[in-house]
Amino acid sequence: MAVALPYFMGQVNRAARYAQAGMGLHTAGWILLLVACAVTPFSLLDRTLSTLSMAAIAGGMAFNAAAFDLWCGRAVKVRASVIVAVLLTVGYCIGYNSYPFRVGWANGLLALQIAMVVVSLCRRPQVRVGRWRWLLVISLLAQMVVTGWRGVLGAFYTEQFPHFFAPHMVNMVFSLVSNITVMLSLAALLLAHRDEAARELERLATVDGLTGTLNRRAWLEQAGNHLSMSVRYRQPMGVLMLDLDYFKQINDTRGHAVGDLALQKFSKAMRVVSRAGDLCCRYGGEEFCVLLNRADIAAVQAYDQRLREWLRHHAPRKLGFELSYSAGIAMRLADDDTIEAMLQRADAAMYRAKQQGRGVTLTGDVRETA
Ligand SMILES: Nc1nc2c(ncn2[C@@H]2O[C@H](COP(=O)(O)OP(=O)(O)OP(=O)(O)O)[C@@H](O)[C@H]2O)c(=O)[nH]1
């Protein structure tokens, strides 16, 4: 399965790659352990193979922990897991000649590592996460209990600790739990991957592929909600419609790739000069708009000034030429004003700005807002 997964999952992102690496290392670890069982006990080869096997199993768990962090929408925090993996490997190698020590040490630390993953999985995720999380928790808990049990038996009841292939109850329970947890973990892994793919599709449906800002459909949807809040809390709100000047010339003289870069820099500028709560959007082509929450006309004009300032400073350096735009402002006028009506007023003002020679921002309405 560890070999088949990357083949069947195809091109995947960081979280899935970590999970695949985790699964691959885990499998390699068990193969090494089985091979080690076939060589002379306590030989150098046995010691090397067994130590490598421990490194692979514990390393695999750290990779899995990283994948789960990402799938839960958190930054990867696996330093503790990596430290345990290193301690486990080094301690195992040093104490290899003492059978009780190495079995107790390896299984004990592995159980601790699993417990850390379980705790991390139980923390509140930062994104919407499916029930695969609990499938994993159950499967890891079972694995943790059996591994811990093996550790205690190996360390303190060594004479009762059976050889790996002996038909002993511990081995049978271990095999059974291992098989079940492998199946559960695999199912959880695929579900987590599917969850994330669905989230990514959702995100892609709302942003513009070139600039990363909201697309028109998503913006209109969110802008409607902001408008309702602005009416409800009687706060002013404005919309700024912006259109790059002579953009066709940029495309014609410098090529479409430079045109694309200019669009990206422009939307970056819009984001940089935005305040929390402002909503930027690529309305279409070289036309953008931004909704400014809790903003009166002076605040919208200040946004416009910040944007022009940013472009004056950065565009020549980043693009090699100046980037200018014409814009129109529309404020919310009454409680029954709509986003569509505001956009029309902003658009009309922008059109006048173009007619007046471009590079300026005009206001569609100057009456006081609600
Ligand atoms: N590179 C690039 N160009 C685009 C994209 N979308 C639209 N355009 C181009 O933007 C140009 C818009 O041209 P016009 O509508 O004439 O506007 P303009 O040249 O800026 O003229 P004014 O608005 O009157 O100043 C067209 O040449 C489109 O092909 C895009 O995603 N990438």
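Checking each residue in the range 154-182 for being surrounded by 12 or more Cβ atoms within 10 Å (Cβ to Cβ), without any contact (Cβ under 8 Å) to a residue 40 or more places away in the chain and not hydroxyl-bearing (Ser, Thr, Tyr) picks out Pro162, His168, Val170, Asn171, Met172, Val173, Phe174, Leu176, Val177. Of everything in the range 308-341 that is within 15 Å of Leu291 (Cβ to Cβ) and in contact with a Leu (Cβ under 8 Å, 6 or more places away or on another chain), the residue that is surrounded by the fewest Cβ atoms within 10 Å (Cβ to Cβ) is Thr338.
Run down Arg275, Arg234 and say which single residue is farther than 18 Å from Tyr303 by Cα, at pLDDT below 95 and either part of a loop (DSSP other than H, G, I, E, B) or in contact with a strand residue (DSSP E or B) (Cβ under 8 Å, 6 or more places away or on another chain) (or both). Talk me through it step by step, then tell me what you get.
Values: Arg275 fails: farther than 18 Å from Tyr303 by Cα.
Arg234 is the lone residue from the list that is farther than 18 Å from Tyr303 by Cα, at pLDDT below 95 and either part of a loop (DSSP other than H, G, I, E, B) or in contact with a strand residue (DSSP E or B) (Cβ under 8 Å, 6 or more places away or on another chain) (or both).
May I ask you to verify whether Gln222 is away from the ligand (no atom under 16 Å from the Cβ), outside any helix (DSSP H, G or I), surrounded by fewer than 20 Cβ atoms within 10 Å (Cβ to Cβ) and not basic (Lys, Arg)? Spelling it out, it is not the case that Gln222 is away from the ligand (no atom under 16 Å from the Cβ), outside any helix (DSSP H, G or I), surrounded by fewer than 20 Cβ atoms within 10 Å (Cβ to Cβ) and not basic (Lys, Arg). Flag not set for Leu184, criterion: within 19 Å of Ser53 (Cβ to Cβ) and part of a helix (DSSP H, G or I). Applying the set (1) in contact (Cβ under 8 Å) with a residue 12 or more places away in the chain; (2) more than 18 Å from Leu319 (Cα to Cα) to Ala298 leaves exactly one unmet item: (1). Can you find even one residue in the range 295-311 that is in contact with a Ser or Thr (Cβ under 9 Å, 6 or more places away or on another chain), within 16 Å of the ligand (Cβ to nearest atom) and part of a strand (DSSP E or B)? Checked the range 295-311: no residue is in contact with a Ser or Thr (Cβ under 9 Å, 6 or more places away or on another chain), within 16 Å of the ligand (Cβ to nearest atom) and part of a strand (DSSP E or B). Only one entry of Thr206, Thr211 meets the criterion of being under 21 Å from the mean Cα position of the chain (by Cα), near the ligand (Cβ under 9 Å from one of its atoms) and closer than 30 Å to Glu340 by Cβ, and that entry is Thr211. A single entry from Tyr7, Tyr18 fulfils the requirement of being closer than 28 Å to Trp132 by Cβ and either modelled with pLDDT under 85 or polar (S, T, N, Q) (or both): Tyr7. In the range 252-263, of all residues being closer than 18 Å to Pro316 by Cα and more than 34 Å from the chain's Cα centre (by Cα), the one that is farthest from the ligand (Cβ to nearest atom) corresponds to Thr253.
Gln356: among the polar types (S, T, N, Q), away from the ligand (no atom under 16 Å from the Cβ), free of Cβ contacts under 8 Å to residues at least 12 places away in the same chain and at negative phi, yes or no? Before the answer, list the steps.
On the way: among the polar types (S, T, N, Q): yes; away from the ligand (no atom under 16 Å from the Cβ): no; free of Cβ contacts under 8 Å to residues at least 12 places away in the same chain: yes; at negative phi: yes.
For Gln356, the condition - among the polar types (S, T, N, Q), away from the ligand (no atom under 16 Å from the Cβ), free of Cβ contacts under 8 Å to residues at least 12 places away in the same chain and at negative phi - is not met.
Screening Glu286 with (1) within 16 Å of the ligand (Cβ to nearest atom); (2) farther than 19 Å from Thr206 by Cα; (3) charged (D, E, K, R); (4) touching a strand residue (DSSP E or B) at 6+ places or on another chain (Cβ under 7 Å) gives one miss only, at (2).
Conditions tested, residue by residue: (1) hydrophobic (A, V, I, L, M, F, W, C); (2) within 24 Å of His226 (Cβ to Cβ); (3) surrounded by 23 or more Cβ atoms within 10 Å (Cβ to Cβ); (4) within 16 Å of the ligand (Cβ to nearest atom).
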residue: Leu242; (1), (2), (3), (4): yes, yes, yes, yes
residue: Lys248; (1), (2), (3), (4): no, no, no, yes
residue: Val272; (1), (2), (3), (4): yes, yes, no, no
residue: Arg282; (1), (2), (3), (4): no, yes, yes, yes
residue: Arg352; (1), (2), (3), (4): no, no, no, yes
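So, Ala262, is that one buried (at least 18 other Cβ atoms within 10 Å of the Cβ) and either farther than 21 Å from Gln344 by Cα or among the hydroxyl-bearing types (Ser, Thr, Tyr) (or both) or not? Judged against the criteria, Ala262 is a match.
The values are calculated or read from the model by the stated rules, or taken from the named source; none is laboratory data. Just so it is clear, the structure is predicted and the values come from calculations on it, not from any experiment. For neighbour counting, all protein chains shown are included, and Cβ atoms are generated from backbone atoms with ideal geometry for every residue, glycine included.
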